[in-house]
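The structure under discussion appears below in the form of structure tokens.
Since every read-out is calculated from the coordinates, none of them should be taken as a lab result. All figures in this text were calculated on a predicted structure; none of them were measured in a lab. Cβ: placed from backbone, ideal geometry, glycine included. Neighbour counts: every protein chain shown.
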Amino acid sequence: KKDVEYGQYNGLPRQDQAMQKWRENRFGQFIHWGLYAIPGGIWEGKTYPYASEFLRGSAKIATSTWDSLIYQFDIPKYNPKEWAAIAKNMGVKYVTITTKHHEGFCLWPSEYTDFDIENTPYKKDLLREFVDAYTAVGIDVNFYYSVLDWHHPDWRYDIKSDEDRAAFERLKQFTKNQLVELVTRYPEVKGLWFDGTWDNSWKKSGQFSYELEKLLKNKRPGLIVNSRMRADEHGSRHFDSNGILMGDYESGYERRLPNPTDKEVLTRDWECCMTIPENQWGYHKDWSISHVKSPLELIEMLVQCTSQNGNFLLNFGPMGNGDIRPEEREVAKEIGEWMKVNSEAIYGCGPADLEKQDWGYYTYNEKNGKVYMTVFNNPVLGKYKIRLPKSHTLKKASLITKQVESLEIKQISPTDYFIIPDKINNKKPFVIILEIVDRA
Ligand SMILES: C#C[C@@H]1N[C@@H](C)[C@@H](O)[C@H]1O
């Protein structure tokens with residue numbers, strides 16, 4: 001064991017009300033919006049397939065050229081009330097928006113930089129309008145903040161000299177100032193989603209990240225931060241040098257999920273963040289360049305995350321003019337239609353302590369004791385197998401859409417049962433509610 005003084009300090013999993021709400025929310029919307037949305041992955045007529053928020057690097061654009069995009073950020077179609085309505089209809093309970101991505105452009109009027117919304121043709125505090133619109137429809141608001149800041153002259157990838165050290169001290173002070181500013185100006189904020197913390201400079205700032213977490217949580221009691229914020233004093237990230245999770249939940253699942261039978265993730269809070277295309281967080285004009293996930297693929301990811309004690313954060317990349325692209329509107333609509341019928345299997349649910357079967361995923365609501373089985377794969381057998389511990393018995397199974405009717409159950413061994421539906425004609429994932437009782 002290593003001595004770790006600047007690791008995790010508040011005991012996990014957190015059971016306070018704020019964290020319980022975060023956990024019960026389960027489904028969130030990620031929003032990546034910044035200057036990168038204006039070119040949308042295309043520069044001087046050439047399409048760059050890499051993530052559009054990295055276009056500045058992909059197309060080797062001079063910082064001054066990139067930064068001048070600020071004068072085109074007039075966002076005539078920006079309509080936060082409509083964004084919030086789309087999110088509400090999709091069924092998300094929280095939203096996480098990029099207040100500042102790696103490019104350094106701030107969506108709020110920061111007193112610590114001129115590279116912000118105030119110096120765009122839009123001028124107004126779009127973040128305040130956003131927070132108000134989402135809060136008004138009952139969606140919790142979180143802020144993404146990139147520590148990595150390509151615009152700031154004091155950013156350093158590593159600390160190799162006294163000059164680096166002095167510069168990065170200024171950058172850390174700037175970072176602290178901006179974060180205190182964010183949690184003070186927008187006290188509604190529930191959590192901070194840190195990114196851009198992979199460079200050596202930050203790995204060498206473990207004590208600072210520890211003290212920053214404490215400072216921000218003192219300023220905003222109940223604040224929730226992701227593990228990506230943190231390094232310990234030995235440079236270990238997410239988990240300290242003894243493998244103890246830092247922050248309040250694990251945020252390493254970016255565009256990937258755990259193995260569906262992975263039991264280790266059940267021991268902690270975690271969140272998977274996911275793009276609709278293969279790898280575009282910011283708006284890209286051409287979605288034909290990669291696979292675009294269907295609503296069904298995304299619904300399966302949401303259910304899998306819930307079944308393994310995780311949250312699912314689905315990303316939207318608004319256009320440079322502030323509009324939401326048609327493909328994202330369609331995804332939101334179709335997921336929303338499914339959630340309207342089946343969200344009881346998601347909100348407030350977590351893992352069921354049952355052996356996973358091929359037809360899909362179990363989720364469990366400990367408040368009502370119900371087990372939900374969400375079916376994605378129709379068995380050729382035409383029956384759904386359930387395996388319970390010998391100590392329990394399957395008392396009832398019913399479709400979430402017809403809870404008064406019981407489906408036929410056949411016990412085929414001390415632990416195994418078949419649920420036999422009268423017909424299998426589902427074209428969409430559907431939910432069966434199980435009542436399982438302890439024989440004792
Ligand atoms: C790499 C990288 C960044 N991390 C994701 C959450 C996006 O913000 C992407 O730009």
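VAL141 - would you say it is among the aliphatic types (A, V, I, L, M) and within 27 Å of THR197 (Cα to Cα)? In short, yes.
When residues in the stretch 346-400 are screened for being more than 29 Å from the chain's Cα centre (by Cα), β-branched (Val, Ile, Thr) and in a loop (DSSP other than H, G, I, E, B), 1 of them pass.
Among residues that are on the phi < 0 side of the Ramachandran plot, out of contact with any helix residue (DSSP H, G or I) (no Cβ under 8 Å at 6 or more places or on another chain) and within 16 Å of the ligand (Cβ to nearest atom), SER227 is included. Within the stretch 196-211, the set of residues being in contact with a Lys or Arg (Cβ under 9 Å, 6 or more places away or on another chain), part of a helix (DSSP H, G or I) and not charged (D, E, K, R) comprises ASN200, SER201, TRP202, GLY206, PHE208, SER209, TYR210. Of all residues in the stretch 248-278, those that are over 16 Å from ASN309 (Cβ atoms) and not in a strand (DSSP E or B) total 5. Which residue, of LYS60, LYS77, LYS123, LYS88, is in a helix (DSSP H, G or I), more than 16 Å from the ligand (Cβ to nearest atom) and not hydrophobic (A, V, I, L, M, F, W, C)? Being in a helix (DSSP H, G or I), more than 16 Å from the ligand (Cβ to nearest atom) and not hydrophobic (A, V, I, L, M, F, W, C) holds for just one of LYS60, LYS77, LYS123, LYS88, which is LYS88.
Listed here are the residues, each with its yes/no results for (1) within 16 Å of the ligand (Cβ to nearest atom); (2) over 18 Å from VAL331 (Cβ atoms); (3) out of contact with any helix residue (DSSP H, G or I) (no Cβ under 8 Å at 6 or more places or on another chain).
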| residue | (1), (2), (3) |
| --- | --- |
| PRO39 | yes, yes, no |
| LEU55 | yes, yes, no |
| THR65 | no, yes, yes |
| PHE115 | no, yes, no |
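Within the stretch 406-440, the set of residues being over 23 Å from VAL303 (Cβ atoms), touching a strand residue (DSSP E or B) at 6+ places or on another chain (Cβ under 7 Å) and part of a loop (DSSP other than H, G, I, E, B) comprises SER406, ILE412, THR415, ARG439. When residues in the stretch 279-304 are screened for being more than 16 Å from the ligand (Cβ to nearest atom), within 20 Å of ILE31 (Cα to Cα) and in contact with a Phe, Trp or Tyr (Cβ under 9 Å, 6 or more places away or on another chain), 4 of them pass. Can you work out which of the residues in the stretch 261-275 that are away from the ligand (no atom under 13 Å from the Cβ) and of a type outside the set (Asp, Glu) is farthest from LEU245 (Cα to Cα)? Across the stretch 261-275, the extreme among qualifying residues is THR261. Taken residue by residue, the stretch 215-225 has no member that is buried (at least 21 other Cβ atoms within 10 Å of the Cβ) and farther than 21 Å from ALA18 by Cα. Restricting attention to the stretch 394-414, the residues that are over 21 Å from CYS349 (Cα atoms) and surrounded by 15 or more Cβ atoms within 10 Å (Cβ to Cβ) add up to 2. Filtering SER290, SER307 for residues that are out of contact with any helix residue (DSSP H, G or I) (no Cβ under 8 Å at 6 or more places or on another chain) and surrounded by fewer than 21 Cβ atoms within 10 Å (Cβ to Cβ) leaves a single hit, SER290.
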